[in-house]
Amino acid sequence: MRFFRRKQKEFKRNKNVKIGLALGGGATRGFAHIGAFKAFEEAGIEFDFVAGTSAGSLAGAMYASGMKVDDMINIASNIREKDIKLSKIVFVPSKTDGIENLVKSALGDIDIQDLPIPFSPIVVDLKSTEEIALRRGNLAKAIAGSCAIPGVFVPVEFEDKLLADGGLQNTIPADIPKLFGCDYVVAIDVNSTRAYGTNSSKVLDVMGASIRILMKSNAIKGYVYSEVMVTPDLKRFKSTSVDGMAEMIEEGYKATLAKMPEILELFTRKPLKKKYKKGKVFASKQNEVISNEFDVRLVQVKASGESAIIKEESEVTEENNN
């Protein structure tokens, strides 16, 4: 595979600043995340925290493991649709065994907290309806839960929870790295063309447009909470097919290179004086209310071990840095 290469200017990273990476969902369009990783690898930058939703959780786990891009491409090249969606019957949800086996084969049967780079797959608990940023527990199960699109995959049992695709509430989880102490976030939206309308008043067309509008609203946090948003041009690729994998990777690479000056600049900044106050978020109180930096609204966040249960939207508060 050939990539367009662009020489990056040398930069001096501020060692005190923490930069997070948020990887959006988009099914097979998630291959583009690998292209972004290629650009990061060439620039010599590493992120301090990674959060991913759905396909972004799978790509994010590989990145957080320290895996090289060439190895990711090799794994991606061998993925077949039949190995992921095991059910061949239309409208019959598939078990997530294929996703779990892929994770175990690539990374081993490990826990989330075993990854060298802090990582959080985003899921929704169907029992409580809450969004959860997982920070501990079996990695393969957690990623399968984050990828469990309702109607396509069977929900995943995870401890006392029933997990479904995190995209139900947070498609591009740029708020999560900040919740875990990052100053700035780079986000990647591999499905930026998710919303388009219809001129038809037919029931199915209206329902389809309505679902796409809801999908768009679930991506808003990614744009609000990220300092840099990378949006590869993937409209011509189907999100349900592995065809065009190499081209999707290259689109992710080119889109990230185009934003690289902005990304590198984040690493030279000073840490924020206003940031998510981790000590409060993970206090023993179950309903700690923290006011938003943007003064948009108040939201409740409660702790569950080291996993954050997000009630509506994560928040920031004033914090003085030493």
Three-way shape call for the stretch 105-188 based on the alpha-carbon gyration tensor, with the a/c threshold at 1.5: oblate
Among 95-102, 255-262, the order from most to least packed when residues are scored by Cβ within 10 Å on average: 95-102, 255-262
GLU46 - accessible surface, heavy atoms, 1.4 Å probe, Å² rounded to 10: 130 Å²
Largest to smallest accessible area among ARG236, ARG136, ARG269 [probe 1.4 Å]: ARG236, ARG136, ARG269
Spatial separation of Cα centroids for the stretch 28-44 and the stretch 132-208, in angstrom: 20 Å
Distance violations [Cα-Cα > 18 Å] among LYS18/LYS273; LYS221/LYS270; LYS95/LYS161: LYS221/LYS270
Prolate/oblate/rounded label for the stretch 65-126 (Cα gyration tensor, a/c 1.5): oblate
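What number, in percent, do you get for the relative contact order of the stretch 107-263 if the mean sequence gap of Cα pairs under 8 Å and at least 6 apart is divided by its residue count?
Relative CO of the stretch 107-263 lands at 18 percent.
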Gain in span if fully extended, VAL206 to ILE110, counting 0.36 nm per residue against the direct Cα distance: 30.2 nm
Three-way shape label, the stretch 38-153, alpha-carbon gyration tensor, a/c 1.5: oblate
Sequence-distant residues sharing a close amide H with SER94 (under 5 Å, placed H): SER87, PHE153, VAL154
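The values are calculated or read from the model by the stated rules, or taken from the named source; none is laboratory data. This one's a predicted model, so the numbers in the text were calculated from it and none came from an experiment. Heads up, the Cβs are rebuilt from the backbone with ideal geometry, glycines too, and the neighbour counts pull from every protein chain shown. Remember, those area values only see protein heavy atoms, side chains included, never the ligands or the DNA or RNA. Shrake-Rupley method; radii C 1.70, N 1.55, O 1.52, S 1.80 Å.
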